[in-house]
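Enquirer: Pasting a structure here, questions to come.
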């Protein structure tokens with residue numbers, strides 16, 4: 001399994017508080033069967049994203065963790081106009097491994113009407129947005145059809161593993177189920193932050209997804225598709241979403 005959304009670096013955002021916790025999170029992930037983690041620190045108004053500094057931290061963590069899990073760098077980009085302009089100017093500073101895929105987190109309180117056009121413009125720059133955890137967004141819980149519209153624009157969708165197992169409450173669980181049943185989930189990731197409340201791991205979520213969409217699709221969501229993301233390839237599982245079932 002490959003986890004493309006994980007706050008594994010210490011003291012850079014609201015993730016682990018210490019380097020020791022980061023190391024232990026990697027060990028827990030490896031024990032769960034995760035072979036590759038993309039470290040994705042926040043880039044938002046609260047947390048400044050310094051790619052060069054974060055690269056240095058990742059090198060330090062690799063020395064402590066060893067070869068498994070493999071560790072690479074991405075970004076959990078909070079959608080704002082300033083961040084959009086920054087990505088348009090220098091996309092490889094924010095994308096996963098400097099490639100074609102970008103994690104995009106939408107605001108829980110307002111989603112600008114211009115977001116569709118921004119997604120389209122990102123695609124013209126060769127950037128493929130991956131919308132993170134829409135099942136946890138209160139606005140999208142009320143209007144999940146918007147997610148299907150963004151898939152039609154070429155965006156991929158990542159849901160949180162623990163949302164599929166009930167860790168984010170009933171509304172998030174129902175929203176995740178709704179998306180899964182409509183072929184509107186492309187990747188499951190942990191969005192892990194710590195050793196207690198938001199632990200790394202994907203195996204339980206893979207099993208929960210398999211109960212809804214079958215073993216082959218569940219495998220694609222935790223392996224084939226995230227592997228394509230880190231390799232900069234097209235997603236092998238990208239069906240047309242179903243508005244009705």
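The values are calculated or read from the model by the stated rules, or taken from the named source; none is laboratory data. Everything numeric here is computed off the predicted structure, so don't read it as measured data. Note: ideal-geometry Cβ built from the backbone for every residue, glycine included; neighbour counts use all protein chains shown.
Enquirer: Test residue 122 against the criterion of being outside any helix (DSSP H, G or I) and crowded, with 21+ Cβ neighbours inside 10 Å, and give yes or no. Steps first, answer last, please.
Expert: Details: outside any helix (DSSP H, G or I): no; crowded, with 21+ Cβ neighbours inside 10 Å: yes.
When the stated conditions are applied, residue 122 does not pass them.
Enquirer: Starting from the stretch 144-172, keep only residues that are in contact (Cβ under 8 Å) with a residue 24 or more places away in the chain, then list their pairs with residues that are surrounded by fewer than 18 Cβ atoms within 10 Å (Cβ to Cβ) and part of a loop (DSSP other than H, G, I, E, B) whose Cβ atoms are within a distance under 7 Å, requiring at least 6 positions of separation or different chains.
Expert: 145/243; 148/243
Enquirer: So in the stretch 1-12, with the set limited to residues that are free of Cβ contacts under 8 Å to residues at least 60 places away in the same chain and in contact with a strand residue (DSSP E or B) (Cβ under 9 Å, 6 or more places away or on another chain), which one is surrounded by the most Cβ atoms within 10 Å (Cβ to Cβ)? Full working, then the answer.
Expert: Our first condition is that a residue be free of Cβ contacts under 8 Å to residues at least 60 places away in the same chain; within the stretch 1-12, this holds for 9-12.
Applying the additional criterion that residues be in contact with a strand residue (DSSP E or B) (Cβ under 9 Å, 6 or more places away or on another chain) yields 9, 12.
Values: 9: 23, 12: 20.
Filtering first and then ranking leaves 9.
Enquirer: Right, residue 175: modelled with pLDDT of 95 or more, within 30 Å of residue 17 (Cα to Cα) and surrounded by 24 or more Cβ atoms within 10 Å (Cβ to Cβ) or not? Explain how you work it out, then say what you get.
Expert: Details: modelled with pLDDT of 95 or more: yes; within 30 Å of residue 17 (Cα to Cα): no; surrounded by 24 or more Cβ atoms within 10 Å (Cβ to Cβ): yes.
Here the answer is no, as residue 175 does not meet what is asked.
Enquirer: Related question: Do the conditions hold for residue 102, that is, is it closer than 18 Å to residue 128 by Cα and surrounded by 14 or more Cβ atoms within 10 Å (Cβ to Cβ)? I'd like the intermediate steps shown before the answer.
Expert: On the way: closer than 18 Å to residue 128 by Cα: yes; surrounded by 14 or more Cβ atoms within 10 Å (Cβ to Cβ): yes.
Spelling it out, residue 102 is indeed closer than 18 Å to residue 128 by Cα and surrounded by 14 or more Cβ atoms within 10 Å (Cβ to Cβ).
Listed here are the residues, each with its yes/no results for (1) touching a helix residue (DSSP H, G or I) at 6+ places or on another chain (Cβ under 8 Å); (2) assigned to a loop (DSSP other than H, G, I, E, B); (3) buried (at least 19 other Cβ atoms within 10 Å of the Cβ).
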position: 146; (1), (2), (3): yes, no, no
position: 163; (1), (2), (3): yes, no, yes
position: 184; (1), (2), (3): yes, yes, yes
position: 196; (1), (2), (3): no, yes, no
position: 206; (1), (2), (3): yes, no, yes
position: 234; (1), (2), (3): yes, yes, no
